[in-house]
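We did not get these values from a lab; they are worked out from the coordinates using the rules stated. Quick caveat, the model's predicted, so the values are computed rather than measured. Quick reminder, even Gly has a Cβ in these numbers, built from the backbone with ideal geometry, and neighbours come from all protein chains shown.
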Amino acid sequence: MKLHFALLCSLTLLGFSGAAFAQDAPPKKFDQEDKFRQLEEILPTANAYRTSSGAPGHGYWQQRADYVIDVELDDENQRIIAHEQITYHNNSPDELRYLWLQLDQNIFRADSDANLTATAPDLDRVSFGMLKSYLESQSFAGGMNITHVADAEGNPLSHSIVKTMMRVDLPRPLRTGESTVFTVDWNYNINDCNLIRGRSGYEFFEKDGNYLYGIAQWFPRMVAYTDANGWQHKQFLGRGEFTLELGDYEVRLTVPDDHIVGATGILQNPEDVLTETQRQRLRESKTASRPMFIVSPEEAAENEKSKPSGKKTWIYKAENVRDYAFCSSRKFIWDAQGHNVNGNEVLAMSFYPNEGEPLWSQYSTHSIIHTLNVYSRYTFDYPYPIAISVNGPISGGMEYPMICFNGPRPEEDGTYTARTKYGLISVVIHEVGHNYFPMIVNSDERQWTWMDEGLNSFLQFLAEQEWEEDYPSRRGEPQDIVEYMASTNQVPIMTNSESLLQFGPNGYSKPATALNVLRETVLGRELFDFAFKEYAIRWKFKRPMPADFFRTMEDASGIDLDWFWRGWFYSTDHCDLGITNVRVATMKSGNPYTDKAQDRADRDAEVQTLSQQRNKDLPKRIDEFPELRDFYNEFDELNVTDADREQYEKFLAKLDDDEKEMLNSQANFYVVDLQNVGGLVMPVILKIEFEDGTEEELRIPAEIWRYDNEKVSKLILTPKIISQITLDPHLETADVDLENNFFPPKIIKSRFELFKEQQQSNPIRDAQKAGDAATADDAAATGGQ
Amino acid sequence: MVRWIRISTFGYQWLSGTQLYPQSGANWIPASAGMTDKRATERMMFRSALTLLANVINVALIASAATAAHPFHVSIAQAKYNAESKNLEVALRVHPGDLETMLRRRTGKPINIDKTEKVDELIVAYLKEVFQVKPGGKEAVELKWVGKQVDVKHAWLFFECPLPEGTTDVEFSNRIFFEILSDQVNTINLEDGDYKKSLNCTKDRPSAIIRAAEK
């Protein structure tokens, strides 16, 4: 059937001046980048260790390292003195002639690469605090003193320290399937976190003369040896955290006898280190319905005045962890609550000084349990027996297996802002959440920040939104990343951890948002959640690479997402889709009476030129001499003729019933012209509102852009009249420019303009001018967004 | 001043290996490459030393405390040139906690952005030092404060910079929080009609000039 379209009107939007496409690329036959080009040529070739479906392969292996450590915390001199015995298992198919260890504390040496490559401060904006830090970093005797490296029999082993790493040479090669035992003795000075920021250290409390220690990255640890990279040779520069081998630990921590200790693993000798009351409370806490104190705030305040009478040794065991950390102080309040995660009994505990109160006893342990509940649902059940959150000594947050350090504290008078409260809940969720990524799903942080920070920030967003309605999450919502996406000076997510330009937005916010977009907009919750859980389960206690994540998400969802990874992870494109034009057409019925009547109406509606209008009433010669008229003067092509009728009958006779129905449907054909300004291909979400007050939503997959990723048109067939079309009506794609998202067009005011308008018509502001400035500032602040 | 001498010495050591000007008094700032006129060099150094001294004192009133409570050492400004009013209209998004920490350091007093009396004045005074717009090599233009919007997540600071000659050959810099965060990145998303460009201000590259040729 041949359809006859009559273009009734063409409504062009405001002049569209999108980014011009660079023309300096060498000429080729098709001048667009293929945004759907498969990733095969970028991703590593699958092999026996890692399959092309993203799962561990039949030949998958990973090394293992078990540790027995004796450590003394010297509270007088803020030092660590320790001895370790490492049992290293070579599960690789390779023969190893030497082993590499990480000596992360060497980052604090004055001549460390981190210090040497630190660039100058802006001397116009330098503070005493910053200068003091520079000074301290030059004078602090930091770094590990390795005093002895020996084999199991005590014979010295040749070793070589290379910056933040140490090579231990083996007397004979370690063959596949073999294990070796060796020992290291070392000591180091602990950094003051207030002067030299680190991921661990001590905090000194001037008011009571006590120290609080958060000790991590403190022992020589086996460098990861992997099928993908061999030894992980990226030196520690501070940003890229670490990647290690899983193993079992037995750690004997000797501390002043008035200290309270929290650590990775299960305490083996509570009877030696805890009072009868503390042990009783600890037992009760396992079945408590709310966090309960093992050491109360009052008792902790009392302990602050104590002086040690000797030392105590706390003995811990931890299984299948990739690292080990602990905290120690006489200032600690300690609360605990047992929690059952689908059959696994977990003791959630918090350690904090009175400076953390009243915030910490109210929120920390609750936040731990909430995290375990939500994260376990999206990944796997939390497998460890303990989950600890410690306040201090670092100011932000830092994660280790089963234990993390979190900074937020209330003001000195015990009051706190909403920001501090939510800051604490969020950071506890985030750091406890790191147990899943990267402690258990053991990705390589030194290479790829996004693999743990991005995935974890994504789950953090989900957990926050289950804490309370409209929880003020900083990242996750697409609209919160629009400003960053719009900026032109950035690097892709797939950039090494130490080279990220805007670390937070790049390593945390963008991947977290990308995953949220993938879940809500591209795959839908059901498909996404299945695939994400599959990834977590596949790589639980294993070591995934980026390709394993990309491939698993496709493999388990059944959707080709190469365009998504290419756009969000490998490029710096942003989403800016726009409606450039909407054309409307109706179908001619073929009936000469209605069609010609419509044509006549159209003709009558045609513009009369000025001359035509002015000439209209001039006397005409053919009126004066009627004999000058002939057939052509009377003929109107829009009159229905016998021939028209005959043709219509023939036309109707050829139509089947479906075609006749379509002909009578009175359908309107809307052609929506779309343009991709930002470069990132994304699904097209259209809200269509009709004149009769109804609305529909059209969700078009990103593949609409697969032949032309710059301009496409979409046909909308409807018997109704469209009054309004909105692109991305739920703000789910991080579209950076909303001005081109409407038909008919809307002017979108900038944030500045909106604020200024609001200022101009703000009764609270008016009141402020007359009265108390502080009160009105407050009102304006809370009335803001 | 005792502190100053110590820092001065430290500065000398710290810069060892770079081209140093003979040390005299507090003048330890190295001569910048390409500066040949000795008197100009001395003037520049003297001024730099004074500025440094002033700035150090400015922010040293209370003891330093750790600040980096999050890995988001970034601010982002939407800066749109209004051709009608000839103003650069700026909406600057910063982390509210960092802003409080910074003001706390400058004033030596606890600051609550929502409640502290006349906190806007403190913000404006600081902003004038760090957010600078200099047309054609001239002095920074006077920043006109419009107001702020603060919630749990963000603090948005709104202000205008008069640019009667437009944005060409204007130098932009945003050094906010450089005093407390050595890896702070301040992005300015500049928009002037169809021209869009992002500038990243870091301590190593604190400013950028928009040249006519670019537009």
* Asked: Measuring from the lowest to the highest alpha carbon on each principal axis, how far does the range A:682-725 reach, largest first, in angstroms?
  -> 35, 14, 13
* To do: For the range A:381-453 and the range A:661-726, compute the distance between their C-alpha centroids and round to whole Å.
  => 45 Å
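Determine the shielding of peptide A:501-508 by partner chains: average, over its residues, the number of Cβ atoms on other chains within 10 angstrom of each Cβ.
Per residue, the average neighbour count from other chains is 5.
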* **Nearest 10 degrees, 0 to 90: helix A:773-782 Cα axis against chain A principal axis** => 70 degrees
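Would you mind ranking A:266, A:294 so that the residue whose beta carbon has the fewest other beta carbons within 10 Å leads the list?
The most exposed by this proxy come first: A:266, A:294.
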* For all pairs of alpha-carbon atoms in the range A:587-635, what percent lies in each bin of width 5 Å, listed from the first bin to the last filled one? -> 5, 15, 12, 16, 19, 16, 10, 5, 1
* Asked: In which sequence would B:114, A:151 go, from the one with the fewest C-beta neighbours within 10 Å to the one with the most?
  -> A:151, B:114
* So what's the gap between the Cα centers of the range A:87-105 and the range B:82-99, to the nearest angstrom? -> 53 Å
* Structure fact -> The helix A:525-538 Cα axis meets the longest alpha-carbon principal axis of chain A at an angle in degrees, between 0 and 90 and rounded to 10, of 30 degrees
* Asked: For chain A, what's the relative contact order in percent, using C-alpha pairs closer than 8 Å and at least 6 residues apart?
  -> 12 percent
* Over all alpha-carbon pairs of the range A:142-266, lay out the pair-distance distribution in 10 Å bins, whole %, shortest bin first. => 9, 33, 36, 17, 4, 0
* Rounded to the nearest 10 degrees, what's the angle between the helix A:128-139 long axis and the longest principal axis of chain A, both from Cα atoms, 0 to 90? => 50 degrees
* To do: Show the residues, 5+ positions off or on another chain, whose built amide H is closer than 5 Å to the amide H of residue A:391.
  => A:351, A:352, A:406
* Percent of beta bridges antiparallel (DSSP, the protein assembly as shown, rounded to nearest 5) -> 85 percent
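Can you pull the Rg over Rh of the range A:71-169, Cα-only, Kirkwood?
Dividing the radius of gyration by the Kirkwood radius yields 1.10.
What translational diffusion coefficient, in µm²/s and rounded to a whole number, does the Stokes-Einstein relation yield for the range B:74-214 at 25 °C and a viscosity of 0.890 mPa s, taking the hydrodynamic radius as the Kirkwood radius over Cα pairs? Mind dumping the intermediate values first?
Values: Rh = 15.4 Å.
For these conditions, the coefficient is 160 µm²/s.
Could I get the Rg over Rh figure for the protein assembly as shown? Both from C-alpha atoms, Rh via Kirkwood, rounded to two places.
Rg/Rh: 1.06.
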* Inter-chain Cβ neighbour average for residues A:87-93, partner chain, 10 Å -> 0
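Rounded to the nearest 500, what is the 222 nm mean residue ellipticity of chain A from helices alone, with -39500 (n - 2.57) per DSSP H run of 4+ residues and division by all residues?
-7500 deg cm²/dmol
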* **Rounded Å value of the spacing that divides the Cα centres of the range B:100-127 and the range A:267-324** => 41 Å
* How far, in nm, would the chain grow between residue A:98 and residue A:700 when pulled straight, counting 0.36 nm per residue and subtracting the alpha carbon separation? -> 211.1 nm
* To do: May I ask for the Kirkwood hydrodynamic radius of the range A:327-457, worked out over all distinct Cα pairs and given in angstroms to one decimal?
  => 14.8 Å
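Neighbour counts of other C-beta atoms within 10 Å: give me A:309, A:52 arranged from fewest to most.
Ranking A:309, A:52 by Cβ neighbours within 10 Å, fewest first, gives A:309, A:52.
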